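Here the structure comes first, spelled out in C-alpha cells, and everything after it is commentary.
The values are calculated or read from the model by the stated rules, or taken from the named source; none is laboratory data. As the structure is a computational prediction, the values presented were derived from the model and not from experiment. Note that each Cβ is placed from the backbone with ideal geometry, even for glycine, and that neighbours are counted across all protein chains shown. The protein model used for the area step is the full one, side chains on, heavy atoms only, and it has no ligands, DNA or RNA in it. Shrake-Rupley method; radii C 1.70, N 1.55, O 1.52, S 1.80 Å.
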Amino acid sequence: QCQLNGLWKNDQDSLMEISVLRDNGDFQGQYLTQVTLSSGCAQISPLKGAQQQLGEEGWPTFAFTVRWDKFSNATTAFVGQCFVDAGGKETLSTMWLLREAVGSLEEDWKATR
C-alpha cells in the first residue's frame, strides 16, 4: 500500500515533503519547486491536502494545494493517485492546475495554466 508521507522528487527535480499524515487522511508539508513563474531562487512553499482512505486493497487518490506566496501570487491544486509497482517502488501520478492572480475580469482568460 502507498504511503504518502516522506520525501518525493518529480521529473523537474522539484521536491515535496509530506511531514504530517493524519489518521483521517489529512496531510501537510512543504514543496520546493524548481519551476517558477518569476526569476530568482525558488523557496519552500506550504502544502495542505487530503488522501482518500482505503482498506488494504487499491491505491489511494489524493489532492493538495500549494501556496506560492513567497515568490509568486499564485496557487496550484494537484490531484493524483499513488501506485506501487511489482518491485515495491511507489509512484505518484498527478495533474495540476495553477491559478495566477490577474488585475481584472478581462484578464481572467490568462490566469489558469
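Worth pointing out:
- Flag not set for R22, criterion: open to solvent by 70 Å² or more (accessible area, probe 1.4 Å), among the basic types (K, R), modelled with pLDDT of 85 or more and within 23 Å of K110 (Cα to Cα).
- Residue that is modelled with the lowest pLDDT, among those in the stretch 70-97 that are surrounded by 15 or more Cβ atoms within 10 Å (Cβ to Cβ) and farther than 16 Å from Q52 by Cα: F71
- Breaking point among (1) in contact with a Pro (Cβ under 7 Å, 6 or more places away or on another chain); (2) modelled with pLDDT under 90; (3) open to solvent by 60 Å² or more (accessible area, probe 1.4 Å), for Q3: (1)
- Neighbours by Cβ (under 6 Å, 6+ apart or cross-chain): first from the stretch 92-110, over 28 Å from F62 (Cα atoms) and of a type in the set (F, W, Y); second surrounded by 12 or more Cβ atoms within 10 Å (Cβ to Cβ) and modelled with pLDDT under 95: none
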